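One structure is given below, encoded as structure tokens.
The values are calculated or read from the model by the stated rules, or taken from the named source; none is laboratory data. As the structure is a computational prediction, the values presented were derived from the model and not from experiment. Note that we place each Cβ from the backbone using ideal geometry, even for glycine, and neighbour counts take in every protein chain shown. Protein only, heavy atoms only, side chains kept; ligands, DNA and RNA dropped before computing areas. Shrake-Rupley method; radii C 1.70, N 1.55, O 1.52, S 1.80 Å.
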Amino acid sequence: MISVEEALGILLSDLPERKIEQIPFKSALGRVLAEDLVATSDIPPFNRSAVDGYAVLAADVEEAPVELAVSGESRAGAGMPGTLRPGEAVAIMTGAPIPDGADCVQMIEQCQVSDNGQKVTVLRPVKARENIAPRASEARAGDAVLESGHRIGPAEIAVMATFGYQQASVYKKPAVAILATGDELVEYDRQPRPDQIRNSNAYCLASQLRYMDIEADYLGIARDDKEELRQKMLLGLERDILIITGGVSMGEYDFVQDVFHHLGLEILFSKVAIKPGKPTVFARRGDRLVFGLPGNPISALVTFECFVRPVLGRLCGMRRPELPRMKGELLADMKQSPGRMAFMPAWVSWQEDGWKVEPLPWKSSADIIGFTGANATFIFPKNRDFLSRGETVELMLLPDFFARQRETE
Ligand code: AMP
Ligand code: MG
């Protein structure tokens, strides 16, 4: 059995090449740039006023208050203003070009207009360059502004609009398929027989994928039958990544690994020292990656976050797609049988003196209901059998950590 770290090492050591596509820049939110973007013009394109006020010469207002003749106006978007001569002031608006000859702007709050707008008294001195954003002070044409590998958020969309990039070259999202397995499974819209349960993993995994902005193809439920598994897996192997749940443990009817062999998949690992999720399998055929996640609902959820996310995120171009880790203070004593790194459901909250970790009662790795109260998992190190209240533990935050709230908060 390999450790979680070793499993991650195998997963990330030889990833298939990432694919690239061109998409409209407006659709690029959340994607990762696959090219460097350069400034196509100077920004600002002219010396720009940062305030509403009067453009003047600093030397003219050294002895303020000083009265100056208003020689014109510079409005944003109303053409380039004329030249300012010593002794003059030009009324100017935020975002408008500074007239040649002026070297600073005094804000309107420090100016008193008189003579029907013909004169202005500048009440306080201003330093040269004050309240001016010089041409090209944010970017010069040809400067690299966004590097390949940069994730696109709202500000990056604004940068693309600023420079007129209508298309963006981004990493393509891998095509993902989900396959549930098990004779006992029926779909959510069926009434299970007394010996059956409804398939929940497929929908949980599809939702976890959606948090990564990936819409998966769902291939349905394969019975515990080698031929049916083979057929469905072949369909799955048409995608970049196939995620299977169930059928990977040591039971009499756990055929997934047999079928992997049969289909010529190379099994890179088939047991990891993780709790929950020990029977996790990772296999590969060429560029096609296959994850066999355990059928227990929390095992499937946790192993997706620990093993599938780091791979998928990297294929999408992300540098560090792992869920965020941080530390917090455990609020209760905890026991476990050592030997596996355990991810335990917890509610993590900020209190005056730091992050507090309240372990949630959980019955087993099947107890998905117990997991609904969690916003994080805390990590029970593999070599420990006891953690005391007050100890600092490592946390892995769930993807919607910041969106989750308790009714009392
Ligand atoms: P397995 O990994 O196939 O041995 O399944 C382990 C446990 O998870 C069994 O109790 C299964 O009934 C349950 N299970 C397997 N697949 C699913 C699924 N898609 N949804 C909910 N429970 C499942
Ligand atoms: Mg099964």
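Below, the figures for the structure above:
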read-out: One residue from 345, 338 being over 21 Å from residue 204 (Cβ atoms) and either among the polar types (S, T, N, Q) or more than 16 Å from ligand 2 (Cβ to nearest atom) (or both); value: 338
read-out: Residue within the range 355-364 that is surrounded by 12 or more Cβ atoms within 10 Å (Cβ to Cβ), closer than 30 Å to residue 15 by Cβ and touching a residue at least 40 places away in the same chain (Cβ under 8 Å) present; value: no
read-out: The range 213-228, subset of a type in the set (A, V, I, L, M, F, W, C) and within 16 Å of ligand 1 (Cβ to nearest atom), residue surrounded by the most Cβ atoms within 10 Å (Cβ to Cβ); value: 222
read-out: Residue in the range 123-144 that is part of a strand (DSSP E or B) and closer than 30 Å to residue 315 by Cα present; value: yes
read-out: Which numbered condition residue 379 fails, given (1) within 24 Å of the chain's Cα centre (by Cα); (2) modelled with pLDDT of 95 or more; (3) assigned to a loop (DSSP other than H, G, I, E, B); (4) of a type in the set (A, V, I, L, M); value: (3)
read-out: Pairs with Cβ under 6 Å, 6+ apart, first in the range 237-260 and closer than 14 Å to residue 289 by Cα and away from ligand 1 (no atom under 13 Å from the Cβ), second open to solvent by 10 Å² or more (accessible area, probe 1.4 Å) and assigned to a strand (DSSP E or B); value: 237/288; 260/267
read-out: Of all residues making up the range 123-138, the number that are open to solvent by 70 Å² or more (accessible area, probe 1.4 Å) and under 30 Å from residue 41 (Cα atoms); value: 5
read-out: Residue satisfying all of: in the range 307-318; open to solvent by less than 10 Å² (accessible area, probe 1.4 Å) and hydrophobic (A, V, I, L, M, F, W, C); nearest to residue 31 (Cα to Cα) among these; value: 312
read-out: Subset of the range 82-122 (residues that are open to solvent by less than 80 Å² (accessible area, probe 1.4 Å), assigned to a loop (DSSP other than H, G, I, E, B) and in contact (Cβ under 8 Å) with a residue 24 or more places away in the chain); value: 84, 87, 93, 94, 95, 96, 98, 99, 101, 102, 103
read-out: In the range 319-343, the residues that are open to solvent by 40 Å² or more (accessible area, probe 1.4 Å) and of a type in the set (Gly, Ala, Ser); value: 337
read-out: Flag if residue 373 is more than 25 Å from residue 3 (Cβ to Cβ) and part of a loop (DSSP other than H, G, I, E, B); value: yes
read-out: From the options 217, 183, residue that is on the phi < 0 side of the Ramachandran plot and within 16 Å of ligand 2 (Cβ to nearest atom); value: 183
read-out: Verdict on residue 239 being away from ligand 2 (no atom under 16 Å from the Cβ), under 27 Å from residue 151 (Cβ atoms) and not β-branched (Val, Ile, Thr); value: yes
read-out: Top-ranked residue in the range 243-273 [being assigned to a strand (DSSP E or B) and surrounded by fewer than 24 Cβ atoms within 10 Å (Cβ to Cβ); ranked as nearest to ligand 2 (Cβ to nearest atom)]; value: 267
read-out: Conditions (1) in contact with a strand residue (DSSP E or B) (Cβ under 7 Å, 6 or more places away or on another chain); (2) open to solvent by 20 Å² or more (accessible area, probe 1.4 Å); (3) within 16 Å of ligand 2 (Cβ to nearest atom): number failed by residue 284; value: (3)
read-out: Flag for residue 291 being touching a strand residue (DSSP E or B) at 6+ places or on another chain (Cβ under 9 Å), of a type in the set (Phe, Trp, Tyr) and free of Cβ contacts under 8 Å to residues at least 60 places away in the same chain; value: yes
read-out: Tally, over the range 182-200, of residues that are polar (S, T, N, Q) and touching a helix residue (DSSP H, G or I) at 6+ places or on another chain (Cβ under 8 Å); value: 1
read-out: Candidates 191, 167, 196, 231, filtered to the one that is within 11 Å of ligand 1 (Cβ to nearest atom), of a type in the set (S, T, N, Q) and surrounded by fewer than 19 Cβ atoms within 10 Å (Cβ to Cβ); value: 196
read-out: Residues of the range 274-290 that turn out to be assigned to a strand (DSSP E or B), touching a Leu at 6+ places or on another chain (Cβ under 8 Å) and more than 20 Å from residue 216 (Cα to Cα), as a count; value: 0
read-out: Residue count, the range 26-73 (criterion: in a strand (DSSP E or B) and either modelled with pLDDT under 95 or over 30 Å from residue 174 (Cα atoms) (or both)); value: 15
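Yes/no per residue for (1) at pLDDT 95 or above; (2) under 30 Å from residue 90 (Cβ atoms); (3) over 23 Å from the mean Cα position of the chain (by Cα):
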site	(1), (2), (3)
141	yes, yes, yes
156	yes, no, no
159	yes, no, no
190	yes, no, yes
216	yes, no, no
